[in-house]
Amino acid sequence: MQSSSKKPKSDILRLAVTLCLIAGITAALVSLVNAITAPEITRRNEQKTAESLKAVMPLADEFEQYEYTGGSIISDDGKEVAVDGVWRAKSNNEYIGFCVKVSPKGYGGEIETIVGIDNDLEVTDTQIVSMSETSGIGTKIQDEGFLSQFVGKSGKITGVSSAPSKDEIQTISGATKSSSAFLRGINAALTVAAQISGGEN
């Protein structure tokens, strides 16, 4: 009777040790894989950012990181837009504008966007770095027809469903939340550029 009562305890102990070993080995492997892939992921992200900066400000030959301390921007409708980075764009050692990375929240999550803004505080171009919007619907904000509306715009841009006027853009039917979020991000970037240009930060 004694031997039979000890056997289950030893089995439980053996199982616990085995599980601990498996967990330890798994954790070690995950750490190893992370250590190997992290530098490459960082390199790719930096490369993608560099390509996006050049895309929105093609006349620039240098991008200087700017220490923006203003925090997130609150839109007119009370939504928070994260400011992930700011660069001063230079050409022949002269500042020609700003590049602002913002992450407004769309239908599927954050829409990481870099916005080029010249010294006249007009949008030169926009580039979506990453997003998780609904394929075929929310992803329509990547279409050139939508993005091109922002080029040359300044101040506070508004979105309308009908034909837009000077300071308006036409939102995408069926993807209002995604296009409105993107618009929110552009306005936040313009606000940041205006703050820096005006010496408020």
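The values are calculated or read from the model by the stated rules, or taken from the named source; none is laboratory data. Small disclaimer: the values here were computed from a predicted structure and weren't measured. Cβ sites come from the backbone with ideal geometry, for glycine too, and all protein chains shown count toward neighbours.
Just a few scattered comments:
- A single member of K177, K140 is farther than 19 Å from A193 by Cα, in contact (Cβ under 8 Å) with a residue 60 or more places away in the chain and in a helix (DSSP H, G or I), and it is K177.
- The residues on offer are T124, T49, T113, and the sole one that is modelled with pLDDT under 95, under 28 Å from G159 (Cβ atoms) and in contact with a strand residue (DSSP E or B) (Cβ under 9 Å, 6 or more places away or on another chain) is T49.
- The set of residues in the stretch 110-137 that are assigned to a loop (DSSP other than H, G, I, E, B), surrounded by 13 or more Cβ atoms within 10 Å (Cβ to Cβ) and charged (D, E, K, R) contains only E133.
- Taking the conditions (1) in contact with a strand residue (DSSP E or B) (Cβ under 9 Å, 6 or more places away or on another chain); (2) surrounded by fewer than 21 Cβ atoms within 10 Å (Cβ to Cβ); (3) of a type in the set (S, T, Y) in turn, Y107 satisfies each one other than (1).
- One residue alone among I12, I25, I73, I41 is surrounded by 10 or more Cβ atoms within 10 Å (Cβ to Cβ) and at pLDDT 95 or above, and that residue is I73.
- For the stretch 143-174, a tally of residues being closer than 18 Å to V56 by Cβ and either aromatic (F, W, Y) or in a strand (DSSP E or B) (or both) returns 4.
- Residues of the stretch 86-104 that turn out to be surrounded by fewer than 16 Cβ atoms within 10 Å (Cβ to Cβ) and either within 13 Å of the chain's Cα centre (by Cα) or not in a strand (DSSP E or B) (or both), as a count: 2
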